[in-house]
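First the structure, in the form of structure tokens, and then the observations on it.
The values are calculated or read from the model by the stated rules, or taken from the named source; none is laboratory data. Just so it is clear, the model here is predicted, and its values are computed rather than measured. Cβ: placed from backbone, ideal geometry, glycine included. Neighbour counts: every protein chain shown. All accessible areas refer to the heavy atoms of the entire protein, side chains included, with ligands and DNA or RNA removed. Shrake-Rupley method; radii C 1.70, N 1.55, O 1.52, S 1.80 Å.
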Amino acid sequence: MNPTTFNDPNQPGPPDEQDRLLDLRLAALPRFDPSPGFADRVMARIRIPHPAPARVPWYYRPRAVPAGIQRLAAALAVMAATSSSLLTLWIASNFQSLAESARSYATALAASALDELLRQFARWSSFLGEAAAAVASSTGWPAAAAILAGCVAAIPLSMLGLYLLSRSPASAGRTHALR
Amino acid sequence: MNAHPDLSTLTDQEIVRLALEGREAAYRELLRRYQRPVFSLIYRMVRDRELAEDLAQECFVKALNALHTYRPEFKFSSWIFKIANNAAIDHLRRRKLETLSLEGRPDARDPEEAQATAISVPHPGESPLEELEAQELGSAIERAIGQLRPEYRACIILRHIEGRPYEEIAEILELPLGTVKTYIHRARAQLKEILGPLRE
């Protein structure tokens, strides 16, 4: 192409300029709207899924509880967690002395009473009683210690229960606010 | 109470997840986002407003009813444009076959036999819809795009009107990246040839 023609306003520009102009023309092209009601016509043919309810463990079926109960349960859970943590720390730091005093206390003062308690306990639940007795005999702990261990184990279980209660859906609100 | 009052701030993937949870508003949001670009693509491909609307509707119904098959590691736009482009290309292929049959038997031995087996269709008068189409697609550049091969047309529309990157166009059209670049280069050359010298 003759370069002198670039100065002529009636002549097209160089190839780069032609590309730029083509880009401008293409970029200026509009998008088109479908006719009104298009979305409604599509939506009328859409099958909106109804998701299956989330699988909940058999031991936990959330039920609506009043918000006040939930707050109380949450507070109790925190209290139980705090106190059991402190108790654990205290036991750990005084374990030797506690063990000695518990053993002497159990054997010297209340062995017979605690053995009677264990027998009663075994009568109520032979399995638990046998287990406690087995623990007591295998570890050499006094029966009282085995029972205490069972009680200590109950603390986290009760904490779990309180936690689940505090997480239950509140009866004042809605459990599925998605739709 | 609406858990997500402003769906417009969410990504496509988040909207799809909400739709699969059964939220009608999420389906509507996907439609709101894509009805214009999808309809525009199909309209420019088939150049018939009524038909484009039918194809776009089928495209959305197909996509939204199969939303569970969408893989969120890919762009939703690529997925929906792929469905739309396939619908348009399928239609153009079918129409080509129908056009051939209207022009007479493809295996005709001579022009007389082709003429004898051809079907003549009366040309209808221009309807209001056709007038609208003539306005919308009547500019020189729109007519030039309409003269491109369907593959080139799709590339040009996606690249220059929808502003999609080359990689996404390759994904939508299921073509190698190099082929997409070649198609766009050739399409641009053809457009310049059809349009002649461009001026400001």
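Observations, loosely collected:
- The stretch B:139-200, relative contact order [Cα under 8 Å, separation at least 6], %: 42
- Calculated FRET efficiency for the pair A:MET43/A:VAL135, C-beta based, R₀ 45 Å, to 0.05: 0.10
- Computed with a 1.4 angstrom probe on protein heavy atoms, the A-B interface buries about 4100 square angstrom of accessible area in total.
- With R₀ set to 56 Å, the beta-carbon distance separating B:LEU92 from A:MET79 gives a calculated FRET efficiency near 0.15.
- Spin-label model distance (nm) - A:ASP23 vs A:LEU98, 7 Å beyond Cα toward Cβ: 7.7
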